[in-house]
Amino acid sequence: MSRPTLIAALLLASAACAGGISAQTSKPAQAPAIAAGNPAPHATALPTSVQQGALVIGSTHPAAVVEYGGRTLRVSPSGRFGFGIGRDASGTAVVKVKPPGTPAIEHRIVVAPRDWPIENINGVPPSTVNPPPAIAARIAREQAQVVAVRARDDAREDYAQRFVWPVQGRISGRFGNQRVYNGTPKAPHSGMDIAAANGTPVKAPAAGIVTFASPSLYLTGGTVVIDHGAGISSNFLHLSRIDAKVGDRVEQGQVFAAVGATGRATGPHLHWGMNWFDVRIDPLLVLDLAQ
Ligand SMILES: [Zn+2]
């Protein structure tokens with residue numbers, strides 16, 4: 001699917017709507033207020049197709065029960081809800097929506113597959129690729145802490161803001177690429193890397209609550225998680241400096257850290273990852289959604 005078509009599908013939601021939008025006029029003035037202009041304020045609006053790794057924002061009746069991926073989603077007082085499509089999702093994503101007093105309807109979203117190139121990264125310290133048992137235990141402990149904060153399901157709708165770039169720079173690593181470190185295949189790249197000089201201020205791409213902050217995790221170095229509500233969070237890795245602490249609210253554009261090369265990194269860059277609970281999503285698609 002082309003990018004304009006994707007944006008139209010994501011933002012303009014219903015099939016009837018998205019189908020009538022040309023590529024030239026597919027970027028609405030406001031995003032992601034999906035229901036804007038919809039004559040039926042409580043009609044369910046969802047895209048008809050998305051890419052693997054997408055953030056999906058839909059709207060429906062505020063009292064509707066919405067289910068996806070084995071979860072009952074938090075629906076805001078304005079009827080908004082959000083969820084992520086996994087990197088390895090395929091086929092059709094089914095979202096079950098039950099407005100009050102009416103039968104449940106299953107909304108089907110086609111998941112468009114993407115290419116996942118192999119990326120070779122050489123020159124990282126061998127102990128970060130095949131860590132000795134004591135280090136492996138530390139890594140597992142640290143990852144468990146980060147996993148735990150991603151389980152939050154706050155009522156805030158900070159995720160509905162138009163996301164902005166946390167730093168400006170060249171994309172030096174894309175989400176989802178199959179990574180091979182020093183010749184050893186590892187997990188796919190969980191976020192997007194933006195090349196920037198050591199010490200470059202990092203801004204919150206959207207508002208949220210800082211739910212994790214540590215200066216020195218083994219693999220990810222200086223690490224911050226910002227929770228945007230409804231299970232949607234951002235993580236920022238390899239930071240050289242952290243200016244925020246757990247519990248702080250940061251507004252969009254607020255500087256909360258600085259770029260570094262701490263942890264398993266070959267040079268200074270910002271790794272920005274996003275999650276819907278434990279599902280990793282592609283920040284680049286979220287930025288596209290905001291355009
Ligand atoms: Zn990265």
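Bear in mind these aren't lab numbers, they're just calculated from the coordinates by the rules spelled out. Just so it is clear, the structure is predicted and the values come from calculations on it, not from any experiment. Methodologically, a virtual Cβ is constructed for each residue, glycine included, from the backbone with ideal geometry; neighbour enumeration extends over all protein chains shown.
If the viscosity is 1.567 mPa s and the temperature 4 °C, what translational diffusion coefficient in µm²/s does Stokes-Einstein give for segment 50-136 when Rh comes from Kirkwood over Cα pairs?
Once the numbers are plugged in, D ends up at 82 µm²/s.
Test of understanding: extend the Cα→C-beta vector of Ala261 to 7 Å, then name every residue of segment 157-197 with backbone N under 16 Å from that spot.
Correct set: 172-173, 194-197.
If you line up the long axis of helix 3-12 against the longest principal axis of the chain, both from Cα atoms, how many degrees apart are they, to the nearest 10?
Roughly 60 degrees, rounded to the nearest 10.
How big is the shadow of the Cα convex hull of segment 180-225, averaged over all directions, in nm²?
4.6 nm²
For a test of understanding, tell me how many lysine pairs in the chain have Cα atoms under 30 Å apart, given they are 8 or more places apart or on different chains.
Counting lysine pairs in the chain gives 5.
What residues from segment 201-233 fall in the zone where the backbone N is under 15 Å from a label point 7 Å along the Cα-to-C-beta line of Gln252?
203-209, 228-229
What per residue convex hull volume, in Å³, comes out for segment 170-266 when only alpha-carbon positions are used?
Per-residue hull volume (Cα only) is 99 Å³.
Can you tell me what percent of all Cα-Cα pairs in the chain are more than 34 Å apart?
Considering the chain, 21 percent of its Cα-Cα pairs are separated by more than 34 Å.
Taking the Cα atoms of segment 90-199, what is the range of coordinates along each of the three principal axes, in descending order and whole Å?
Ordered largest first, segment 90-199 gives principal extents of 59, 33, 33 Å.
Stretched out fully, how many nm does the piece from Arg71 to Asn198 gain, at 0.36 nm a residue minus the Cα gap?
Extra length available between Arg71 and Asn198 comes to 41.7 nm.
Normalized C-alpha radius of gyration of segment 118-290, against 2.2 N^0.38 Å?
Working it through for segment 118-290, the quotient is 0.97.
Given a Förster radius of 22 Å and the C-beta distance between Ala137 and Lys186 as r, what FRET efficiency does 1/(1 + (r/R0)^6) yield to the nearest 0.05?
So, using R0 = 22 Å, E works out to roughly 0.75.
Between the helical axis of 133-149 and the dominant principal axis of the chain, each derived from Cα atoms, what acute angle in degrees is found, rounded to the nearest 10?
30 degrees
Could you bin all the Cα-Cα distances of segment 144-186 into 5 Å bins starting at 0 and give me the percent of pairs in each, rounded to whole numbers?
5, 12, 11, 14, 23, 20, 10, 5, 1
Would you give the gap between the C-alpha center of segment 194-241 and the C-alpha center of segment 252-267, rounded to a whole Å?
For segment 194-241 versus segment 252-267, the Cα centre distance is 7 Å.
Highest mean first, what order results for 42-49, 142-149, 67-74, 281-288 on Cβ atoms within 10 Å?
Per-residue mean Cβ counts within 10 Å order the peptides as 281-288, 42-49, 67-74, 142-149.
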